[in-house]
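Student: Please see the structure below; I have some questions.
A short reminder: the numbers here are calculations on the coordinates, not readings from a lab. Keep in mind the model is a prediction, meaning the values are calculated, not measured. Here the Cβ is made from the backbone with ideal geometry for all residues, glycine too, and neighbour counts use every protein chain on show.
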Ligand SMILES: Cc1cc2nc3c(=O)[nH]c(=O)nc-3n(C[C@H](O)[C@H](O)[C@H](O)COP(=O)(O)OP(=O)(O)OC[C@H]3O[C@@H](n4cnc5c(N)ncnc54)[C@H](O)[C@@H]3O)c2cc1C
């Protein structure tokens, strides 16, 4: 896509200041992809507003000139959501990074959306409070991106995902008008737009501020690692824990490949002969409550015969366990430079079967797959590793990804637990929804955005060219047949 015409760039400069409109080829290239490096699209310009008024002014210019716009936080998204696939501009919210207020009495914070997730926790800690949704990318990703994707994280099993923690938000609508939805309380009168906007991936407008709920930091915490010689036993153990009604703060799974990767990267000494490792964290308000839960948990786990049980004895040991878990994806970089990550959610009782299928799919297509995921939620994360310069490998990776999605949908799963549909999975939506379902969703989008300018082409499938071969790459795959060669 070419840069925008000078007269329009000038209008953006007037709205936000000369320095905050980027339009040189080098600057635009920086914004050509997000964490899903499979897909690329160069925007026509990048605009960096500082206030809601500036966002509104920029969006009004887009509305007048029919220019598509895409909100962007840190660009850690994994479904190509922050890409300007239809041309137009990226509105980067990183300068809107103020924590406006922390109210320890109401246990809320009012924030601008460019605030990085981990910063809010750093600022809330002195009050004995924390913001619960904790994506593994929390040291980089923004609250705006979290709201748009309805982000989850390691501790969301017990505490709920982003939508459960947003009380109110400010949205710049696609015509530039500003709307507040929700309230300072947990109750909403009228239609619940809040639940519609959270998770809408920037397709209804740009979120500029939010009031979020904070929770007291748990005082009594116990973290442990269980190793298993048998993956199926580890999966059955996960289901048994939840079936008993025990809801750990976190219940995470790592396969043997991932254990080896984190051992090499972080020297954490995870049991390297294990086929599967579970990381489990319990927390409670009282030490007695914690002891009772731990006792019950260990009695549920025992019949599945873990080969090793390690308890974190100090806060340092606990932090080390979670550091290894949160760094798992980075550790894969020791094997191949890039990863294609799916995040289907399946009913937990199918975990063992689907994991076995994923391993078989990896072997059949000769690709490396590391599994590290939010087991308690049934939210799988098969990371298919690849080398972007190896086209033959890319064909196998995409085919394996498609088969993994099919395996998950077959057992009643859904396409995404927390990374969103974006552009990467939009072509698969018709495997999950009927044309009538999709038409109703498109109708809702039209209500907010009749001109289809806010992050167009995301979530809903648009073109019907699936099945054609892409001429530039010769890869037959929905990702490519729909949109052309983006690698
Ligand atoms: C190593 C790694 C680990 C990850 N782990 C997790 C995890 O555990 N849990 C999880 O949920 N995700 C995880 N992610 C995915 C990603 O970090 C999340 O989706 C995150 O919420 C994206 O935030 P961001 O600021 O980077 O958003 P971006 O990537 O910039 O944008 C993501 C989407 O949000 C939209 N958007 C951004 N800001 C706004 C706004 N202000 N208003 C409207 N729309 C907006 C964009 O248009 C885009 O569609 C991980 C990613 C990586 C790379």
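Student: Can you tell me the length gained on complete extension of the stretch residue 65 to residue 430, counting 0.36 nm per residue apart and subtracting the Cα distance?
Tutor: Values: separation 365, 0.36 × 365 = 131.40 nm, distance 3.18 nm.
Contour length minus the Cα-Cα distance gives 128.2 nm.
Student: Per DSSP H run of at least 4 residues, take -39500 (n - 2.57); add these up for the chain, divide by its residues and hand me the 222 nm value, nearest 500 deg cm²/dmol.
Tutor: Calculated from helices alone, the mean residue ellipticity at 222 nm is -10000 deg cm²/dmol.
Student: Separate question: If I fit a long axis through the Cα atoms of helix 52-65 and take the longest principal axis of the Cα atoms of the chain, what angle between them do I get, 0 to 90°, rounded to 10?
Tutor: Taking the Cα atoms of the chain, the angle to 52-65 is about 60 degrees.
Student: Treating the angle as unsigned and between 0 and 90°, give the value, to the nearest 10°, between the Cα long axis of helix 315-326 and the longest Cα principal axis of the chain.
Tutor: Computed tilt is about 60 degrees.
Student: May I ask you to sort 211, 319, 3 by Cβ crowding, counting other Cβ atoms within 10 Å and putting the fewest first? Please report the intermediate quantities before stating the final value.
Tutor: Values: 211 23, 319 12, 3 16.
Neighbour counts put them in this order, fewest first: 319, 3, 211.
Student: Next question. Using only Cα atoms, tell me the angle between helix 391-410 and the longest principal axis of the chain; keep it within 0 to 90° and round to the nearest 10.
Tutor: Once rounded, one gets 70 degrees.
Student: Same structure, new question: Of 76, 231, how do they rank once you tally other Cβ atoms within 10 Å and put the fewest first?
Tutor: 231, 76
Student: Moving on to the next point. Between residue 95 and residue 229, how many nm apart are label points set 7 Å from Cα along the C-beta direction?
Tutor: Result for the modelled spin labels: 6.2 nm.
Student: Using a simple spin-label model with points 7 Å from Cα along the Cα→Cβ vector, what separation in nm is obtained for residue 240 and residue 334?
Tutor: Placing both labels 7 Å beyond Cα along the Cβ direction yields 3.1 nm.
Student: Of 130, 69, how do they rank once you tally other Cβ atoms within 10 Å and put the fewest first? Please list the in-between numbers first.
Tutor: Working: 130 18, 69 28.
Fewest to most other Cβ atoms nearby, the residues stand as 130, 69.
Student: A follow-up question, please. Between residue 288 and residue 177, 0.36 nm times their residue separation minus their Cα-Cα distance comes to what?
Tutor: Residue separation times 0.36 nm, minus the Cα-Cα distance, leaves 34.7 nm.
Student: Report the label-to-label distance for residue 410 and residue 296 in nanometres (one decimal), using points 7 Å from each Cα along the Cα→Cβ vector.
Tutor: Distance between label points: 3.7 nm.
Student: Assuming 0.36 nm per residue, please report the length gained on full extension of the stretch residue 158 to residue 184 beyond their Cα-Cα distance.
Tutor: Once the chain is fully extended between residue 158 and residue 184, it gains 7.1 nm.
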